[in-house]
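I have placed the structure first, in the form of structure tokens, so that the comments after it can refer back to it.
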Amino acid sequence: MIVYHGSKSIIEKPVFGKGNEKNDYGLGFYCTESEELAKEWACSDNETNGYANKYELDLSDCNVLDLRKEEYSILNWMAVLLKFRTFDVNNPVSVQAKEYLSENFYIDVENYDIIIGYRADDSYFSFAKDFINNTISVRQLEEAMRLGELGTQIVLKSRKAFGALRYIDHAFAECGEYYIKRSGRDRKAREAYFDACRKETVLGGVFVMDIMRRGLKNGDKIV
């Protein structure tokens, strides 16, 4: 597959073991199948230009965890996110929710070479926080993620995955253009989130408190 990595720099040879351990799926090299998204991710402000680095990724010999598949749920993604990202858990519900989801829905991503899943950009991360605070239901979270169009990411986790990556080229990303697009995409995601919240009352959905009370675990039907 062809993947892109958004960065302030041209990266011809990514280095295994470098990066931020508190990213969505831990330490790794984060890519996307969309050149446009990579350009947006490269421009985190309106003052610094960036690049969409283009690579060919050979998946044939890699162990891939694709969280988009039907066998996984949004709760698996939440549990992984709770493992690596820093959440402010400052009330009894969120503290217990974090522990419960981590214990019952976490997938050990360190067993995989490559992970494919949602990217917890500013909006998605705020939605996740609302969920563990018992503010929104599972369905509202799923709907917001689906409609937000912030994209999925491909994360290289192992030496084998890094060895399966071949640099092809890069494309320039002008910050004035792509920071605006990035901000617009985030705004659209938030609008979709509020629409999803308005469509369902607090009496209708399954909230994280319900999941804990019912003792639901990975593989159970969430209704």
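Before moving on, here are some points about what is shown:
- Test: residue in segment 195-205 that is at pLDDT below 95, farther than 30 Å from Asn63 by Cβ and under 20 Å from the mean Cα position of the chain (by Cα): yes
- One residue stands out among those in segment 165-191 that are in contact with a Ser or Thr (Cβ under 8 Å, 6 or more places away or on another chain) and not aromatic (Phe, Trp, Tyr): the one that is surrounded by the fewest Cβ atoms within 10 Å (Cβ to Cβ), which is Arg190.
- Which listed residue is open to solvent by 30 Å² or more (accessible area, probe 1.4 Å), hydroxyl-bearing (Ser, Thr, Tyr) and either free of Cβ contacts under 8 Å to residues at least 24 places away in the same chain or touching an Asp or Glu at 6+ places or on another chain (Cβ under 9 Å) (or both), from Ser44, Ser94, Ser73: Ser73
- Failed item in (1) open to solvent by less than 60 Å² (accessible area, probe 1.4 Å); (2) within 22 Å of Arg187 (Cβ to Cβ), with Tyr55 passing the rest: (2)
- Filtered residues of segment 26-41 (kept if aliphatic (A, V, I, L, M) and surrounded by fewer than 24 Cβ atoms within 10 Å (Cβ to Cβ)): Leu27
- Failed item in (1) within 17 Å of Asp61 (Cβ to Cβ); (2) in contact (Cβ under 8 Å) with a residue 24 or more places away in the chain; (3) not hydroxyl-bearing (Ser, Thr, Tyr), with Gly163 passing the rest: (2)
- Filter result (touching a helix residue (DSSP H, G or I) at 6+ places or on another chain (Cβ under 7 Å), in a loop (DSSP other than H, G, I, E, B), of a type outside the set (D, E, K, R) and farther than 14 Å from Ile132 by Cβ) within segment 84-118: Ile107
- Of note, Lys129 does not satisfy the criterion of being over 28 Å from Ser183 (Cβ atoms), open to solvent by 20 Å² or more (accessible area, probe 1.4 Å) and assigned to a helix (DSSP H, G or I).
The values are calculated or read from the model by the stated rules, or taken from the named source; none is laboratory data. Here the structure is a predicted model, which means the values were calculated and not measured. Cβ: placed from backbone, ideal geometry, glycine included. Neighbour counts: every protein chain shown. All accessible areas refer to the heavy atoms of the entire protein, side chains included, with ligands and DNA or RNA removed. Shrake-Rupley method; radii C 1.70, N 1.55, O 1.52, S 1.80 Å.
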